[in-house]
1. Using 7 Å Cα-to-Cβ label points, what is the E63/S260 separation (nm, one decimal)?
2. Using a Cα-Cα cut-off of under 26 Å, which lysines could be cross-linked to K142, ignoring same-chain neighbours fewer than 8 residues away?
3. Can you put H241, H350 in order of Cβ neighbours within 10 angstrom, beginning with the fewest?
4. Considering Cα pairs under 8 angstrom that are at least six residues apart, work out the relative contact order of the chain and quote it in whole percent.
5. Lysine pairs in segment 276-384 with Cα distance under 16 Å, only those 8 or more apart or on different chains: how many are there?
6. Output wanted: per-residue J couplings in Hz (rounded whole) for segment 178-191, from phi through Karplus 6.51 cos²θ - 1.76 cosθ + 1.60, θ = phi - 60°, x for Gly and Pro.
7. Mind checking segment 1-92 for chymotrypsin sites (Phe, Trp or Tyr not before Pro) that DSSP puts in a loop (not H, G, I, E or B) and that have at most 13 other Cβ atoms within 10 Å?
8. Determine the distance separating the Cα centre of segment 1-74 from the Cα centre of segment 270-313; give it in Å without decimals.
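Taken together, the values in this text are just the output of simple stated rules run on the coordinates, not laboratory data. Everything quoted here is computed from the prediction, not taken from an experiment. Positions of Cβ are backbone-derived with ideal geometry, glycine not excepted, and every protein chain shown enters the neighbour counts.
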Amino acid sequence: MNSPKEYIAQNKTRFLNELIELLKIPSVSADPAFSQDVLNTSKAVKTALLDAGCDTVEIYETEGYPIVYGEKIIDAALPTVLVYGHYDVQPADPLELWDSPPYEPVIKETEIHPEGAIFARGSCDDKGQMYMHVKALEYMTKTDQLPCNVKFMIEGEEEVGSDNLGIYVANNKEKLANDIILISDTGMIANDVPSITTGLRGLSYVEVEVKGPNRDLHSGLYGGAVANPINILTKMIASLHDENNHITIPGFYDKVEELSTEERAEMAKAPFSLQGYQDALDIESVYGEKGYTTNERNSIRPTLDVNGIWGGYIGEGAKTVIASKAYAKISMRLVPHQDWEEITTLFQVHFEQCAPKGVKVKVTPHHGGQGYVTPIDTVGYQAASKAYETTFGKKPIPQRSGGSIPIVSLFEEELGSKTILMGFGLDSDAIHSPNEHFGVWNYLKGIETIPYFYHFFTEMKKS
Ligand code: BES
Ligand code: MN
Ligand code: MN
């Protein structure tokens, strides 16, 4: 294969401008106010895929947002790569914390990205990373170097749980048949420390309600005599971790896979600076489960975190009141073998049971998904590893991530194929946060590396 370097250098400005146009559309799947923008984004993705060389592209309508499916089949006897990505983005708020408007992309230099980074919601998660695949396809088709078949499945509901994608996949197994699934929706350790994501955590997301008296009460007249739902809720939440930061829900750890000493020693070889980690977050110390390192805590261990908590009076000044109800949203990140539905039930039973008399507790499950781990002794992983080695000049490190892409385990179940997670983002790119950005270098490096994956994968499959 010829090096894509020259083609990328010649088309760099256009590649950046095309992505910038895509980032201008606020495709927030969680907020119905943006529904027309989400639909417009699906059309833009369709056009981009056709321009990049797909033979056919269709917009598949669902009960939610559409799935864009495109393909280029050059020879049924050759292997097929299925690319998955998402064109929806997280809400941008709190808007006041952005240094530049989230849907007016700008390129600015940062310490970590001296060649500039594109600041916009979705730049890294996942429009920028998804678009690398579109441009990699363009390179391969325009220079006549596509070595195998390729299918694209780009959805618009990843950030809200991928409900309709599951149905689509189950109903279109033949159409989606492939030899390997390729996703860029994760990260790597650093620009000079390439890594390939070999695991994702599962997720159980619940909302809880604690209800006390039937109305808000005067905190003087009733305070001390009735259960205050906010006091109770915070006490119940606090009791979910013990003094070692272990989660106290009975049965929670039953299926957690304990890694061997060797596996943990292997993990510990990945370069990591605790001081740098703390400095980047402006914290004096890390915090977490006793007996595990920071990198273990955020990848191979399950967690429970409150994502939001509300109730009572939060307006200006003081109001003396005991609220009738208090609420919280809680996420549990799970590791392989923990079943998200089982964990949701364990949580529900425990939370209802640990409530004191005088309040009623309601647990509402939101969404969830299973975790995923991929072995590294497969053709897919080895091809990806060789691709990184070619373009980074270094062998990538396999690394399990703490994030979740719940649909990945479903792909394996329904389509029987493994997923390779070639992420080019950095943890510091602030995905889901204000000032999300994606390094220009990372974007172009992705476009450069992806064609090598196709090349090595096809070669290794043939032999
Ligand atoms: N791309 C992320 C997941 C991710 C990011 C995995 C970085 C590994 C490294 C994805 O878009 C995401 O945000 N997933 C959600 C779960 C989903 C069900 C809303 C998550 O992890 O919170
Ligand atoms: Mn994503
Ligand atoms: Mn996301």
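1. Label at E63, label at S260, 4.6 nm between them.
2. Here the lysines satisfying the reach criterion relative to K142 are K5, K12, K43, K46, K72, K127, K151, K175, K386, K445, K461, K462.
3. Details: H241 16, H350 20.
Listing H241, H350 from fewest to most nearby Cβ atoms yields H241, H350.
4. Values: 933 pairs, mean separation 117.0, N = 463.
Contact order relative to length: 25 percent.
5. Working: K325/K357; K325/K360; K325/K362; K329/K362.
Within segment 276-384, the lysine pair count is 4.
6. Result, ordered by residue: 7, 9, 7, 9, 10, 9, 10, 8, 9, x, 9, 5, 6, 4 Hz.
7. On the way: sites: Y7, F15, F34, Y60, Y69, Y84, Y87; in loops: Y87.
The qualifying sites: there are none.
8. 35
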